[in-house]
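Below is one structure; the comments refer to it alone.
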Amino acid sequence: MVSESKVRESLESVLVPVVKRSLVGLNLVREVSVSDAKVKVILASAALNAGTQDWVKTKTPEILKKLPGVEEVEVSFIEAKPKDLNEITHIIAVMSGKGGVGKSLVASLLAVGLKRQGFDIGILDADITGSSIPKMFGISARPTGSDNGLLPVISRSGIEVMSLNLLLQNEDDAVIWRGPLIGRAITQFWEEVLWGRLDYLIVDLPPGTADAPLTVMQTLPISGVVIVFTPQDLVEMIVKKAVNMTYKMGKRVIGVIENMSYLYVPEIDKKIEIFGKSRAEQMADAARAPLLGQLPIDPELARLCDDGYIEHYSGDIVVNLGKALTEVVSAEKK
């Protein structure tokens, strides 16, 4: 008789259409039982529409009947809310005290760097009125789902993404909402999106310390905050505002990243500090957190972002950022 563990292992190969993640990865498998030659599988229906459920009901027996000794497979669904199924190990918020510092770029690079290490990654775009994540990843597909929830859209490399821009009729439509509506949208992205099992969920916050960052801090079980800044003189005061908010909300700043730190000119083998002398170490001290990286101004990266191919960026900074974050998180756990 086949074992329950073998059945669950086989369910890893049943990939839900559109999102291309397994029933196990989405944490939809609620119960597996084996009796002689019959296997019974109970799945959660969260965010799966009727067509998807029918497909799963057909595909699952096809896969499981390939196991030795399995002659009959029964698949049924029970109702469940996405928030009750989501299992996310680390939730990292990416924050900046002001706009225009490349916070969304850093959030995206962190996600790409972590994905290249083999982690299961998602990005929750909480920058409701200034969303740029879908553009950088070249994503335009609308999320699918059911009355119970939504499925995230998957990037080329397999990163789960949810953004309000994906729900708009046109990506350049203005979102003219007051704070409570923005807060509600962020809460829905957390509670009503089936993220499933993830190692990291990167949350791209809007700039500043107002309603939206407050909603994220109060609603999501944030593991830590990464603060992004650029090397201008006025940045210290703004960074300290973000740091103070983070600590007042009972969260931890786990690292800081300086963006636009320099421009490297290969013809003369020189780094030019266009926005002034680096303040990276000073900001790390102010945040009482390690410096995770200094990102250069790279025309190639800018081009890839504009074209929707940020995942194709081959610069060392991607790998370095991902490794720096995982090292900090691992140290925090100890």
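Annotations for the structure displayed:
- Filter result for the condition that a residue is loosely packed, with under 13 Cβ neighbours inside 10 Å and under 30 Å from residue 137 (Cβ atoms), over 98, 83, 20, 59: 20
- Candidates 279, 252, filtered to the one that is closer than 23 Å to residue 219 by Cα and either surrounded by 14 or more Cβ atoms within 10 Å (Cβ to Cβ) or modelled with pLDDT of 90 or more (or both): 252
- The residue that is nearest to the chain's Cα centre (by Cα), among those in the range 2-27 that are assigned to a loop (DSSP other than H, G, I, E, B) and among the hydroxyl-bearing types (Ser, Thr, Tyr), is 13.
Okay, residues lined up against (1) more than 24 Å from residue 220 (Cα to Cα); (2) in contact with a His (Cβ under 9 Å, 6 or more places away or on another chain); (3) part of a helix (DSSP H, G or I):
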residue: 41; (1), (2), (3): yes, no, no
residue: 62; (1), (2), (3): yes, no, yes
residue: 70; (1), (2), (3): yes, no, no
residue: 92; (1), (2), (3): no, no, no
residue: 99; (1), (2), (3): no, no, no
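- When each of 238, 268, 257, 272 is tested for being in contact (Cβ under 8 Å) with a residue 24 or more places away in the chain and farther than 26 Å from residue 323 by Cβ, the lone residue that passes is 238.
- Against the criterion of being closer than 28 Å to residue 122 by Cβ and buried (at least 16 other Cβ atoms within 10 Å of the Cβ), residue 262 does not qualify.
- The set of residues from the range 211-221 being in contact with a helix residue (DSSP H, G or I) (Cβ under 7 Å, 6 or more places away or on another chain) and surrounded by fewer than 21 Cβ atoms within 10 Å (Cβ to Cβ) comprises 211, 219.
- Only one of 26, 15, 48, 64 that is without any contact (Cβ under 8 Å) to a residue 60 or more places away in the chain and surrounded by 20 or more Cβ atoms within 10 Å (Cβ to Cβ): 64
- When restricted to residues that are of a type outside the set (Val, Ile, Thr) and part of a loop (DSSP other than H, G, I, E, B), the range 219-271 contains 18.
- Some residue of the range 311-320 being within 15 Å of residue 112 (Cβ to Cβ), free of Cβ contacts under 8 Å to residues at least 40 places away in the same chain and crowded, with 16+ Cβ neighbours inside 10 Å: no
- For residue 315, the stated conditions hold: it is in the same structural domain as residue 224 (by TED's automatic domain parsing) and under 23 Å from the mean Cα position of the chain (by Cα).
- Among residues of the range 72-89 that are under 24 Å from residue 34 (Cβ atoms), those with a Cβ under 9 angstrom from a residue that is part of a strand (DSSP E or B) and of a type in the set (Asp, Glu), sequence gap 6+ or separate chain, pair up as 78/31.
The values are calculated or read from the model by the stated rules, or taken from the named source; none is laboratory data. What you see is a predicted model, and the numbers here were worked out from it, not measured in a lab. Note: ideal-geometry Cβ built from the backbone for every residue, glycine included; neighbour counts use all protein chains shown.
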